[in-house]
């Protein structure tokens, strides 16, 4: 039988425990109570690597000459958690171009500077139902650019970054990416030159945005800065850390620096869910259930809010422009670790 004295003692212990947790720094409280155990993550990453390392489905992007010549056998996996645990395998030191994954972080910077509602008003968050570089999608939506993760919307988002010159805008973007990665990042100059020589389509999109008053700096300047941001080099661990910063309410799990505004994180993740894998976004949400963003350089970044992020690099792409191998790996790892956000199992509820 519980006595008044027993209850009082239990109550005091509860207060001490709660007080101890409350006095811990935010980063020390960041580990999700339903995060998988370390051995589970290691096993999932190892098994996925072994299962798919010989899968050569798809082909490298060839409309950017540099990307066509990247070794298609390169393959790396990284998982970084909100409490700064890292699990990596494969070609994890290879620096590849971030490409369209950059759109997520430029969106975060624009929201930080302009406010989320202003960005939503000027850019939008609706799927286009068309290819990522569609001209028709711009014409069909003359009041906004659909979303920040298709090319037209991404160029407009880049133009929203406040600056007095192209170099100032570019340096702000690069510094923001570095803060999210927890270390300095650099431009891959060969990629930039290759893209700049073949980005006539993006220049045409910028001109069309100008016609509808939906670009907010000089159009060609915006395209050039956008081309540079897509040419930033990352390895899979750096990319996973950028994702873990989103998963950790905008706080970098390594530096403990608040990089992205916490209130913007749900809206950024919603954009990734709606359009992160272009025409494959609906199927991805159906089968995997994680906000994610792909890049034609071969990377895919998936976010597990409160737990961490998965980044995979493998250059061969499907017809929608998404790494074939990366999709398979993330789907496998997410399934093994109950990471699907639409499943009650992701918060510990079992059948």
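What to note about this one:
- Out of 269, 277, one residue alone is on the phi < 0 side of the Ramachandran plot, free of Cβ contacts under 8 Å to residues at least 40 places away in the same chain and within 15 Å of the chain's Cα centre (by Cα). It is 269.
- Filter result for the condition that a residue is outside any loop (DSSP other than H, G, I, E, B), touching a helix residue (DSSP H, G or I) at 6+ places or on another chain (Cβ under 9 Å) and farther than 17 Å from residue 237 by Cα, over 285, 320, 309, 302: 285
Quick grid of which residues meet (1) closer than 26 Å to residue 250 by Cα; (2) modelled with pLDDT of 95 or more; (3) over 16 Å from the mean Cα position of the chain (by Cα); (4) buried (at least 20 other Cβ atoms within 10 Å of the Cβ):
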{"site": "291", "(1), (2), (3), (4)": "yes, yes, no, yes"}
{"site": "301", "(1), (2), (3), (4)": "yes, yes, no, yes"}
{"site": "305", "(1), (2), (3), (4)": "yes, yes, no, yes"}
{"site": "308", "(1), (2), (3), (4)": "yes, yes, no, yes"}
{"site": "316", "(1), (2), (3), (4)": "no, yes, yes, yes"}
{"site": "327", "(1), (2), (3), (4)": "yes, yes, no, yes"}
{"site": "344", "(1), (2), (3), (4)": "yes, no, yes, no"}
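- Residue in segment 249-256 that is in contact (Cβ under 8 Å) with a residue 24 or more places away in the chain and out of contact with any strand residue (DSSP E or B) (no Cβ under 9 Å at 6 or more places or on another chain) present: yes
- In segment 97-124, the residues that are on the phi > 0 side of the Ramachandran plot and surrounded by fewer than 24 Cβ atoms within 10 Å (Cβ to Cβ) reach residues that are modelled with pLDDT under 95 and not in a strand (DSSP E or B) with C-beta atoms within less than 9 angstrom, at least six apart or across chains, in these pairs: 124/141; 124/143; 124/144; 124/145; 124/146; 124/147; 124/148; 124/153.
- Being touching a residue at least 12 places away in the same chain (Cβ under 8 Å) and touching a strand residue (DSSP E or B) at 6+ places or on another chain (Cβ under 8 Å) is not true of residue 305.
- Residue list for segment 61-71, restricted to those being crowded, with 17+ Cβ neighbours inside 10 Å and assigned to a loop (DSSP other than H, G, I, E, B): 61, 64, 70
- Selection count where residues are touching a strand residue (DSSP E or B) at 6+ places or on another chain (Cβ under 6 Å) and either farther than 14 Å from residue 305 by Cβ or outside any loop (DSSP other than H, G, I, E, B) (or both), scope segment 73-90: 12
- Only residues that are assigned to a helix (DSSP H, G or I) and either surrounded by 14 or more Cβ atoms within 10 Å (Cβ to Cβ) or modelled with pLDDT of 85 or more (or both) were counted in segment 9-40, giving 4.
- Qualifying residue in segment 41-58 (condition: crowded, with 16+ Cβ neighbours inside 10 Å, modelled with pLDDT under 95 and either on the phi > 0 side of the Ramachandran plot or within 24 Å of the chain's Cα centre (by Cα) (or both)): no
- Unique match (being assigned to a loop (DSSP other than H, G, I, E, B), modelled with pLDDT of 95 or more and farther than 16 Å from residue 97 by Cα) among 266, 253: 253
- Residues considered: 275, 334. Of these, the only one that is crowded, with 20+ Cβ neighbours inside 10 Å, modelled with pLDDT under 95 and more than 19 Å from residue 92 (Cα to Cα) is 275.
The values are calculated or read from the model by the stated rules, or taken from the named source; none is laboratory data. Model, not experiment: these values are computed from the prediction. Note that we place each Cβ from the backbone using ideal geometry, even for glycine, and neighbour counts take in every protein chain shown.
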